[in-house]
Amino acid sequence: MLKALVIDAGKCTGCKQCEMACSLENEGEFNVAKSRIRVFDFHTEARFVPYTCTQCAEAWCQQACPVNAITTDSMGVKIVHDNLCVGCKVCTIACPFGTVNYNASTGKVIKCDLCGGKPACSDACPTGAITFQDAEQGGFDKMKVWAAQSANAATHEGPNTPKASQASGSGH
Amino acid sequence: MKYAILGAGPAGVTAAETLRNVDPEASITLVGGEPEPPYSRMALPYFIYGKIDEGGTHLRQDPLHYNRENIRYLTGRCGGIDAQAKRLYMSGGEALEYDKLLIATGANPIMPPIPGAHLEGVETCWTLDDARNILKLAEKGSPVVLVGAGFIGSIILEALYLRGCDITVVELAPRMVARMMDETAGGMLGRWCEAKGVRVLTRTRVASIKQGAEGGPRLSVGLSSGINIPADLVVMAVGVRSNTGFLVGSGVKVNTGIAVDDYLQTTAPDIYAAGDCCEGVDLSTGKPDMLAIQPVAVEHGRIAALNMAGHKHRHRGSLNMNVLDTIGLISSSFGLWQGAQVGETGKLVDEGGYKYMKLEFEGDKLVGAQCVGMTDHVGMLRGLIQTGFRMGEWKDKLLAAPERLREAYISVAQGAPNAGPMAPHVNTPRAGLGHGGASGH
Ligand code: SF4
Ligand code: SF4
């Protein structure tokens, strides 16, 4: 069963426990700048939105990599192989969600890999804003659901005000 | 069905794999122009400074990949095409029959007509073999003259710097990366390089290259300013030209690059083109242009292959974008970075801190961007530009404070970019033109 991170931004208090947990798990240090999940802070609105890669079904980052350093594992997770990554950063401009980022201290890129199936961020989240759940939906739907929720949460718009243009361009 | 693909760069390899996916029975022949396994030119700088070995430049790591996919891989140069007989001739004379042909022969570096450009020690930096030569000549402390500070020159610059060479950059334009970024950004890059001990001579031309004096460096490079610079190695990176000479007389129309329609078909029947050799549509202008970048090559390769196999896929245009690391200062540019004809610009400039961000709007849509010294979440710029989201109230906020990009993105991007992650290969700038995942499953 494929599982995915489900983010309910309305529950996020901005404590950044997820960022700390991610950085510790993946980089061995408490450095939120190297976290693969980031909590965006809407200063004027006191709103917080956790944000990370949703493991696109056919990932833009993966397609753009010149040396095939990003592959898909059996769980559908897009994984960067450090031994192959040359650090060209093309994936960082190719991912239209901005969720694969360059780590200058290693000269490679980092992105969420769901911690191999046990995401530290969801374990660390005290409010249930980040949960790890079964996902029948594809990456596109995941992103839509996530994005609609977080955008609504972020802008105080009522529920279900997605723009009419968001017709699925995928699926058949 | 017999498919032939000329060119084993990212466009050709992606096309071969796509054809295999959608047509398991087909005969697929992939022809590389160099006696190497398919590799990435983009990876060469990392090979030059030792971050990876030769194998690390390969497009697919497993040497048996092409066998396993039942893709026949040959190397050699194409000498000509007989579009009527559907046959192509290799320069060695052997013929190859095809039902559908893809031309993905990329580009060749331009060697400017400078006296002495043929001398030993004057190299281009384009092929794996060029890189091997440069490795031999670019020692720690070697004086090196790099001619050209465009995108490719600047990538090579970093590799030479990390090898410890003593570098002089000679560039005709008034700034570095003049075709990727504006004066502010190019100026920052230039100052950054100077601070790292690289001489950057803009508005300067190489007048001649001569043998160096006995006992000194092998070459002497005469500049338009009158000075001479000794060099063990001169690297030419003044530009590239599409590799299409073998098409003369074939009926395939070539402008600057190969002319293609929206389905990446050329003017000759059953011949398609993809990647750096062809003029695909630029998403920002809607006009054909040469966008010689990796993601576009992959997009083209995928779409051309689908069309060759009879799965009609229209190419709606690719977004121009680049990312560059200049000795640790990272810059990127997207779309209409020069700005729209009638538009508004938001800027954040920190000259001392080497930080720059410029956003270009047309109406309330983001159409272009440049960044220096910022890397986190820059992909959002692509997402916003490519999707053409209306920024609404966020436009004014971003004009005042471009650094609020992340907030703006989250607020505006209520859905994924149209066509979505499910179909990265087929970029639909507009909504409602849904045409399935390009994946063929
Ligand atoms: S990093 Fe971006 S492109 Fe890659 S899988 Fe995640 S969201 Fe998709
Ligand atoms: S930075 Fe690494 S993972 Fe990203 S495209 Fe380049 S080589 Fe591939």
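The values are calculated or read from the model by the stated rules, or taken from the named source; none is laboratory data. What you see is a predicted model, and the numbers here were worked out from it, not measured in a lab. Glycine also receives a Cβ, built like all others from the backbone with ideal geometry; neighbour counts cover every protein chain displayed. The area values use the complete protein model at the heavy-atom level, side chains included, leaving out ligands, DNA and RNA. Shrake-Rupley method; radii C 1.70, N 1.55, O 1.52, S 1.80 Å.
Find, among the GluC sites (Glu not before Pro) in the range B:302-361, those assigned to loop by DSSP (not H, G, I, E, B) with at most 13 other beta-carbon atoms within 10 angstrom.
Here the sparse-neighbourhood loop sites are B:GLU351.
Suppose R0 equals 45 Å; then what is the FRET efficiency for A:THR72 and B:SER225 from their Cβ-Cβ distance, rounded to the nearest 0.05?
The pair A:THR72/B:SER225 has a calculated efficiency of 0.25.
Once the Cβ-Cβ distance between B:ALA259 and A:THR127 is put in as r, and R0 is 51 Å, what FRET efficiency do you end up with, to the nearest 0.05?
That gives a FRET efficiency of 0.35.
Testing the spin-label approximation: label points 7 Å from Cα along Cα→Cβ at B:GLN211 and B:ARG60. State their distance in nm.
Result: 4.9 nm between the two label points.
Per 5 Å bin from zero, what fraction in whole % of the C-alpha pairs of the range A:57-111 is there, up to the bin with the longest pair?
4, 23, 35, 25, 10, 2
Run the quick spin-label model on B:ARG203 and A:ALA104: label points 7 Å from Cα toward the beta carbon, then report their separation in nm to one decimal.
3.1
Determine the total buried accessible area between chain A and chain B, counting protein heavy atoms only with a 1.4 Å probe; round to the nearest 100 Å².
4900
Just flag the trypsin sites (Lys or Arg not before Pro) in the range B:302-389 sitting in loop per DSSP whose Cβ has no more than 15 other Cβ atoms within 10 Å.
Passing both the DSSP loop test and the Cβ count: B:LYS312.
I need the semi-axes of the equivalent ellipsoid of chain B: take the C-alpha gyration tensor, multiply each eigenvalue by 5, square-root it, list largest first in whole angstrom.
They are 35, 32, 18 Å, listed from largest to smallest.
Tell me, in nm to one decimal, what length is gained between B:VAL248 and B:VAL349 on full extension, where the rule is 0.36 nm per residue of separation less the Cα-Cα distance?
In short, 31.5 nm is gained.
Over 27 Å between Cα atoms: which of B:LYS196/B:LYS355; A:LYS16/B:LYS358; A:LYS11/A:LYS89; A:LYS89/B:LYS253; A:LYS118/B:LYS51; A:LYS34/B:LYS51 fall into that group?
The answer is A:LYS16/B:LYS358; A:LYS11/A:LYS89; A:LYS89/B:LYS253; A:LYS118/B:LYS51.
With only Lys, Arg, Asp and Glu charged, each at its Cβ (+1 for the first two, -1 for the last two), find how big the charge dipole of chain B is about the Cα centre; round to the nearest 20 debye.
Rounded to the nearest 20 debye, it is 340 debye.
Which value, in debye to the nearest 20, describes the size of the charge dipole of the range A:11-99 about its Cα centre when Lys and Arg Cβ atoms bear +1, Asp and Glu Cβ atoms bear -1, and nothing else is charged?
180
Would you compute, from DSSP H runs of 4+ residues alone, the mean residue ellipticity of chain B at 222 nm, taking -39500 (n - 2.57) per run and dividing by the full residue count, rounded to the nearest 500?
Taken over chain B, the calculation gives -6500 deg cm²/dmol.
Can you give the Kirkwood hydrodynamic radius for the protein assembly as shown, in Å, rounded to one decimal and based on Cα pairs?
In the protein assembly as shown this quantity evaluates to 25.2 Å.
Between the range B:233-260 and the range B:299-346, how many Å separate their Cα centres?
After rounding, the separation between the Cα centres reads 20 Å.
Quick one: net charge of A:CYS115's neighbours, Cβ under 11 Å, K/R +1, D/E -1?
-1
Residues in the range B:160-174 near a label at B:LEU135, defined as backbone nitrogen under 17 Å from the 7 Å Cα→Cβ point?
It comes to B:160-165, nothing else.
At a threshold of 8 angstrom on Cα-Cα distance, excluding pairs fewer than six apart, so keeping six or more, what relative contact order does chain B reach in percent?
Taking the mean separation of contacting Cα pairs over the length of chain B, I get 13 percent.
Accessible area drop of at least 20 Å² (1.4 Å probe, protein heavy atoms): which residues of the range A:69-98 qualify, relative to the chain alone?
Listed by number, the residues meeting the 20 Å² cut-off are A:LEU84, A:VAL86, A:CYS88, A:LYS89, A:VAL90, A:THR92, A:ILE93, A:ALA94, A:PRO96, A:PHE97, A:GLY98.
So what's the range B:124-177 giving for Cα Rg divided by 2.2 N^0.38 Å, two decimals?
Relative to the 2.2 N^0.38 Å estimate, the range B:124-177 comes out at 1.08.
If you roll a 1.4 angstrom probe over the protein chains with everything in place, what fraction of the accessible area of the protein assembly as shown belongs to carbon and sulfur, to the nearest %?
Carbon and sulfur atoms account for 51 percent of the accessible area of the protein assembly as shown.
Given a 1.4 Å probe, how much area per residue of the protein assembly as shown is accessible, in Å²?
That works out to 39 Å² for each residue.
For the range B:202-264, run through the trypsin sites (Lys or Arg not before Pro) and keep only the ones in DSSP coil with at most 16 other Cβ atoms within 10 Å of their Cβ.
The qualifying sites are B:ARG203, B:ARG205, B:LYS253.
Alpha carbon centre of the range B:68-89 versus the range B:352-384: separation in Å?
43
Using the reciprocal of the averaged 1/r over all distinct C-alpha pairs, how large is the Kirkwood radius of the range B:185-224 in Å?
12.0
At 7 Å along Cα-to-Cβ for each site, give me the label-to-label distance between B:ALA401 and B:THR75 in nm.
Going by the 7 Å Cα→Cβ label model, 5.6 nm.
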